[in-house]
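Trainee: Below: one structure in structure tokens.
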Amino acid sequence: MSVVINTHSLPLSDFRLGQKGLIAQYTNERIAGKLIAMGALPGQKLQLVRTAPFGGALYVKNGKYIIALRKEEAACIIMSNEKND
Amino acid sequence: MRKTIESKKQATIALVGNPNSGKTSIFNLLTGLQQKTGNFPGITVDKKVGTVPINKDQSFKLIDYPGAYSFYPNAQDERLVVQSFCNPEEEDFPDAFIYIADITKLDKHLLLFSQIQDIGKPVVLGLNMADLAEKENCLVDHQKLSKKINAPVVLTSGRTGEGKKELVKIAEDLLNDNNFKPSKGFRALSQPEKQVAKKIKPLFPGTNDYQAVLIAHHHEWLDFLSKDQKETIADIVQAEDFESLKIQVEDTMYRYNHFTPLLKDVNCVTKDSISKFTERVDRILTHKIIGPLIFFAIMFSVFHAIFVWASYPMDWIDAGFGWIVNTLNSTMPDSWFTHLLTDGVLAGLGGILVFIPQIAILFFLISLLEEAGYMARVVYLFDSIMQKFGLNGRSLIALISSSACAIPAIMSTRTISNWKERLITILVTPLISCSARIPVYTVLIAFAFPAKTVGGIFNLQALAFMGLYLLGIAFAFIFALIFKWVLKKNEYSFLMLELPDYKLPMLRNVGLNVWDKVRAFVMEAGKIILFISIILWVLANFGPTGKMQAAEQEAITFAATEQLSESDTENLIASKKLEASFAGVLGKAIEPAVQPLGFDWKMGIAIITSFAAREVFVGTMATIYSIGSDAEEFSVREQMARERNPITGEAMYNTATSVSLLIFYVFAMMCMGTLAVVKKETGSWKWATLQFFFMTGLAYLSSFVVYNWLS
């Protein structure tokens, strides 16, 4: 399940609305533990769908689940381009 | 609560699964009405317990645990799960497990299953929502899966009832150990884990290696550890250089890497499991602007519905009680017992049972929203705003359910992992008007606001009702902000929340929830009210020796000189006697304290009794006012409307007094059950005491201001 981080890697918090990518790695073990338990494993696709009002939470999905994340939480998820799968 | 269901010999099975796996539906399916919850005054327990019959003579105890993703939790509710399973000494430690997984999400839901297997007790895997899977052609070869994971597998559906018999049958087999040995475990421990386990295991007889490792991971917060034990384990963890967080992630990844291949040829995981319907609905309901608007519209409708729909059944109950009282009064002999029954017990009970329709409707609508999957969206929408007030998106669930009852609401804060956010939520939650205030509001609003239609469609009293709710909400947020500034900052805070697929609410789940809450209200509140009604009746009918006769004599003389009519004389005698009774003495004693708020000594008595539970107010009023009145007019409201100020002769329940009293009930902390739960959930009386004083102080101050402004 290891995924090589490419030079174009970007934290999920910097995604544009609608942008998709693959989870490359987590930079925080606590958040990694929780999100992996929820099924968000490295290598999986994620899409930023929308954000909540007043600079609020991120609505993130792939085909199997929808997760609500705070910006700070999303900043700990480093994403890579889909092509590098 | 724990020991109540039959003897100790009864076997215990734990029901476990991820959040949104449909676990509760299976619990309801298996136990039906044979279940108990502790969401009400006095009986605060952590889990739902039910009895499942196997055959005529045998049954097992089924315990429903909160939904959890893994054995490495952050929030209190998930912690409860792992805590219960790493201590074999615990009374409710299960003999076997029923694990419920969503068949369409097996690729995630097997994580906790594999951890449960390592506890070393037999496990049966229930693949839930089998009906949905069939519809979408997502079939699972469950026999093949059973061999691969080394555990029996049953297809179940909480919706259609599929798999119920088979699940019970296998549970019986697991308990009798006919066909199934305890599972041999899913994962072998790594070297550092083994080292730690070797040292910790001897400290806890009966634990296996994995349980010992879990104790090492979680020793800081496990409840069953003594202070010394925690220190010992902390030393071991440090000496062995046990990197807890890193090992947790490794353990989790190992499990995924090993069960994912197992699923390859038994499961149709290729298909996306989020429904198109959910995505389409979310485009509107979680929309940046429309989403919050819809939320407020829903809340508005809910409270409007409570007021409007409930009025008919309430009238029937009121009329029914009136009829019973009249019948008893005319058929039973005129004795003290008849008076105790009609003026004390029935008056008190009738005053409170009449509010069942409102409470039922409120719980019905809230559990409907919860079941449909809407509540998680509310958390998502408002998390950032809640954070500005020192709260968490999840706090909103507590605040909303608090409009039904603060006790389950406070217990629901266990999903908030950050202690400060959780504490603030607990402290301000009781400011939200709960269903126990409904009776008080309903009675008093009638005096404060005329029943007329404004703006074409809105009932003014319904609007006032909503205004009281808004007042509570506003002050909950103001105080959250104050606490945010005052309390110390600490630790990390999470949102990370899964938004489940929308689904049609299951009537059984909603119905059981409503039934459970209403029954608890009637039984628990009923007991308190019955008790207080009887005491009150005694206090109101007896007084210091000679005082009551003297008062009666005085009234008769006064009536004779003033030449009052017969009924006026009777009323005067009754009220003079009440004034001279023990209840009168008590009320008079606190009158100076409540007079600045516009209350008289009769209301003083009601306020004192309300500190047990605020719904007692109406019952108390009913008891006080039915003493000395002709029982023809049973309705409390009518009797209160007739009450006159003895000095001015004006209606006692004028606008200023009624509004002042309403405000008092919005803010005052008058519920022993809530204080007990706050003490339990925060671990000390400190916070419960603080809550009592800040709320009651706020109530006194606001009532004072409002009364003086209006009068």
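Trainee: Calculate the mean, over all residues of peptide A:27-36, of how many other protein chain Cβ atoms lie within 10 angstrom of the residue's Cβ.
Mentor: So the per-residue partner count for this stretch is 6.
Trainee: Related question: Given the peptides B:553-566, B:433-446, arrange them by the average over their residues of other C-beta atoms within 10 Å, most packed first.
Mentor: Per-residue Cβ counts within 10 Å, averaged per peptide and sorted highest first, yield B:433-446, B:553-566.
Trainee: Which value does Rg/Rh take for the stretch B:198-315 over its C-alpha atoms, Rh per Kirkwood?
Mentor: My calculation puts Rg/Rh at 1.27.
Trainee: While we're looking at this one, here's another question. For the peptides B:387-400, B:504-517, B:236-249, A:21-34, what is the packing order when you average, over each peptide's residues, the other Cβ atoms within 10 Å and list the highest mean first?
Mentor: Peptide ranking by packing, descending: B:387-400, A:21-34, B:504-517, B:236-249.
Trainee: Collect residues whose amide H, placed 1.01 Å from N in the peptide plane, falls under 5 Å from the amide H of residue A:70; neighbours closer than 5 in sequence don't count.
Mentor: Residues meeting the criterion, in which the H sits 1.01 Å from N, are A:58, B:495, B:496.
Trainee: Rounded to the nearest 500, what is chain B's calculated 222 nm mean residue ellipticity when only DSSP H runs of at least 4 contribute -39500 (n - 2.57) each, over all residues?
Mentor: -18500 deg cm²/dmol
Trainee: What percent does the relative contact order of the stretch B:60-124 come to when contacts are Cα pairs within less than 8 Å and at least six residues apart?
Mentor: 30 percent
Trainee: Placing unit charges on C-beta atoms (Lys and Arg positive, Asp and Glu negative, everything else neutral), compute the dipole magnitude of the stretch B:518-710 about its Cα centre in debye, rounded to 20.
Mentor: With Lys and Arg at +1 and Asp and Glu at -1, about 1060 debye.
Trainee: Across the stretch B:60-125, how large is the tail of the calculated P(r) beyond 14 Å, expressed as a percent of all Cα pairs?
Mentor: The share of Cα pairs beyond 14 Å in the stretch B:60-125 comes to 59 percent.
Trainee: Taking square-rooted eigenvalues a ≥ b ≥ c of the alpha carbon gyration tensor, is the stretch B:12-176 rounded, prolate or oblate, where a/c under 1.5 means rounded and, failing that, a/b exceeding b/c means prolate?
Mentor: Here the stretch B:12-176 falls in the rounded category.
Trainee: Starting from the Kirkwood Rh over alpha-carbon pairs, what translational D in µm² s⁻¹ does chain B have by Stokes-Einstein at 4 °C and 1.567 mPa s?
Mentor: Roughly 46 µm²/s, to the nearest whole number.
Trainee: Do the alpha carbons of any pairs in B:488/B:680; B:527/B:686; B:48/B:503; B:48/B:227; A:45/B:194 sit beyond 25 Å of each other, and which pairs?
Mentor: Violating the 25 Å limit, Cα to Cα: B:527/B:686; B:48/B:227; A:45/B:194.
Trainee: Continuing with this model, one more query. How large is the charge dipole for the protein assembly as shown, taken about the Cα centre, if only the Cβ atoms of Lys, Arg (+1) and Asp, Glu (-1) carry charge, to the nearest 20 debye?
Mentor: 2380 debye
Trainee: Mind jotting down the distance between the C-alpha centroids of the stretch B:189-247 and the stretch B:82-122, whole Å?
Mentor: With the stretch B:82-122 and the stretch B:189-247 each reduced to a Cα centre, they are spaced 19 Å.
Trainee: Here's something else I'd like to know. Determine by what factor the alpha-carbon radius of gyration of the protein assembly as shown differs from 2.2 N^0.38 Å, reporting the quotient.
Mentor: Scaled against compact globular proteins, the figure is 1.08.
Trainee: Calculate for chain A the 222 nm mean residue ellipticity that helices alone would give, adding -39,500 (n - 2.57) per DSSP H run of length 4 or more and normalising by residue count, nearest 500 deg cm²/dmol.
Mentor: It lands at -3500 deg cm²/dmol.
Trainee: Further, regarding this structure: If packing is taken as the mean number of other Cβ atoms within 10 Å per residue, what is the order of B:366-372, B:69-75, B:573-579, highest first?
Mentor: Taking the mean over residues of other Cβ atoms within 10 Å, the ranking is B:69-75, B:573-579, B:366-372.
Trainee: Counting only other residues whose beta carbon sits under 13 Å from that of residue B:360, what net charge do I get with K and R as +1, D and E as -1?
Mentor: +1
Trainee: Sticking with this structure for a sec: Enter the angle in degrees (range 0 to 90, nearest 10) between the Cα long axis of helix B:164-176 and the first principal axis of the Cα atoms of chain B, meaning the one along which they spread out most.
Mentor: 70 degrees
Trainee: Give me the dipole magnitude in Debye, nearest 20, for chain B about the Cα centre, with unit charges on the beta carbon: positive for Lys and Arg, negative for Asp and Glu.
Mentor: With only Lys, Arg, Asp and Glu charged at Cβ, the dipole is about 1800 debye.
Trainee: While we're here: Quick query: amide H of residue A:49 versus all other amide H atoms, modeled in the peptide plane; which residues come in under 5 Å with a sequence gap of 5 or more or a different chain?
Mentor: It is A:18, A:59, A:60, A:61, by chain and number.
Trainee: Using the Kirkwood radius over Cα pairs, work out the Stokes-Einstein diffusion coefficient for the stretch B:191-263 at 37 °C and 0.692 mPa s, in µm²/s as a whole number.
Mentor: Estimated diffusion coefficient is 253 µm²/s.
Trainee: Over all residues in B:492-505, what is the mean tally of Cβ atoms on other chains that come within 10 Å of each residue's Cβ?
Mentor: Mean inter-chain Cβ contacts per residue within 10 Å come to 5.
Trainee: While we're here: Based on the alpha-carbon set only, what is the convex hull volume of the stretch A:10-84 divided per residue, in Å³?
Mentor: Once divided by residue count, the hull of the stretch A:10-84 is 78 Å³.
Trainee: Something else about it: Explain nothing, just compute: Karplus ³J(HN,Hα) = 6.51 cos²θ - 1.76 cosθ + 1.60, θ = phi - 60°, for every residue of the stretch B:109-117 in order, whole Hz, x for Gly and Pro.
Mentor: So the Karplus estimates, Gly and Pro as x, are 6, 7, 4, 5, 4, 5, 6, 4, 4 Hz.
Trainee: I would also like to ask the following. Can you give me the three principal axis dimensions of the stretch B:518-710 from its C-alpha atoms, in Å, biggest first?
Mentor: Reported extents, whole Å, longest axis first: 63, 39, 31.
Trainee: Report, in whole Å, the centroid distance computed from the Cα atoms of the stretch B:431-486 and the stretch A:35-81.
Mentor: 38 Å
Trainee: Over all residues in B:65-71, what is the mean tally of Cβ atoms on other chains that come within 10 Å of each residue's Cβ?
Mentor: Average neighbour count from other chains, rounded to a whole number: 2.
Trainee: Compute the separation of the alpha-carbon centres of the stretch B:386-420 and the stretch B:286-340 and state it in Å as a whole number.
Mentor: Using only Cα atoms to place each centre, the spacing works out to 27 Å.
Trainee: Which aspartates and glutamates have a Cα less than 13 Å from the Cα of residue B:577, not counting those fewer than 8 places away in the same chain?
Mentor: Within the straight-line cut-off, residue B:577 pairs with B:552, B:554.
Values quoted throughout were computed directly from the atomic coordinates according to the rules given, and no laboratory measurement underlies them. The model shown is predicted, which means the values in this text are computed figures rather than measured ones. Cβ sites come from the backbone with ideal geometry, for glycine too, and all protein chains shown count toward neighbours.
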